[in-house]
């Protein structure tokens, strides 16, 4: 992940020991806030590359650059200690991890912070003490034997229009969608529709990287593209859907847990 952002002033931050989640009388969420003078950065949470889907910051009391952002860390959490790694390339940036009650806007605490004056890599950490029910936490840690065969099977199914195989291999992702958003069946119908009516692109060169302590494997092309992707126009608008980016092993088969 890399974004070019500028801010008018630098805001001093200090790392503060965070209160455990159990001490809060609410459902705690974690987030990251980025303020950058120049350059770009790449962030990973527990080894997984994060997508910057943040909201722009603003303030009525002091000038804040519209390119300063914050976003919630809602995926790739593990029980206990979580590690956020920042690879920064520039000449001035600050990052902080905050906690707040879900659905609110005011921070409970800044649990860790780092600042950069030149290109380097640094880590931030925070503790998650609440319950987690992600499918990837139920996966086996058993090495990567058979993984690339499964990826090739997915790509061949996408290439030949075998829609049901593509959907089946994404079942953990679909179930996760159903738990978070609801209506997993509607998502299955959507996938069947776009896969049967639009040609899939297949990435020929892929890199395999274990993340989440070897429980999940990240499969991406040289420019970050997924193993398969489908794009086009539908219902008067355009869409783009990536497939097969994050895999885990369940029992006797590999399946996609996230994209």
Evaluate region 190-241: find the radius of gyration of its Cα atoms, find its Kirkwood radius, and give the ratio Rg to Rh.
-> 1.10
When a footprinting reagent is the concern and you count Cβ atoms within 10 Å, what order do 185, 235, 112, 162 take, fewest first?
-> 235, 185, 162, 112
With bins of 10 Å, the percent of all Cα-Cα pairs of region 81-193 per bin from 0 is 11, 24, 26, 26, 14, 0
What are the principal axis extents of the Cα atoms in region 68-125, in Å, biggest first?
-> 35, 24, 16
Return the tail of the calculated pair distribution for region 135-258, meaning the percent of Cα-Cα pairs more than 19 Å apart.
-> 46
Give me the percent of Cα-Cα pairs in region 142-195 that sit more than 17 Å apart, rounded to a whole number.
-> 44
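Only the coordinates and a few stated rules stand behind these numbers; no lab work does. Keep in mind it's a predicted model, so treat the numbers as computed, not measured. Note that we place each Cβ from the backbone using ideal geometry, even for glycine, and neighbour counts take in every protein chain shown.
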